[in-house]
Amino acid sequence: MANQLFQEMTTKNNPMMSQFNSFVQNPMQFLLQRNINVPQQYMNDPQAAVQYLLNNGTMSQDAFNSIRNMAIRMGIKV
């Protein structure tokens, strides 16, 4: 039997999972909808886009580390 956390994360009504799926389907649109602008030259280069966000202060290193660790715990290869 799956644990409760897994069941909650995989239900369609879960806002966190819904946002994650939206991000996976179209990362740049997801960011733009949240007023996070990434220049066109970084649209096809995720590492460069992240570096841009770190360099201009839109995202802190701590926030990046937290997101990265969460992705790893979810089984996403980063």
- Query: Filtering segment 1-24 down to residues that are of a type in the set (A, V, I, L, M) and assigned to a helix (DSSP H, G or I), which residue is modelled with the lowest pLDDT?
  - Reply: Met9
- Query: Within segment 25-73, restricting attention to residues that are in a loop (DSSP other than H, G, I, E, B) and among the charged types (D, E, K, R), which residue is surrounded by the fewest Cβ atoms within 10 Å (Cβ to Cβ)?
  - Reply: Arg34
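The values are calculated or read from the model by the stated rules, or taken from the named source; none is laboratory data. From a predicted model like this one, the values you see are computed outputs, not experimental measurements. FYI the Cβ positions are ideal-geometry reconstructions off the backbone, even for glycines, and counts take in every protein chain you see.
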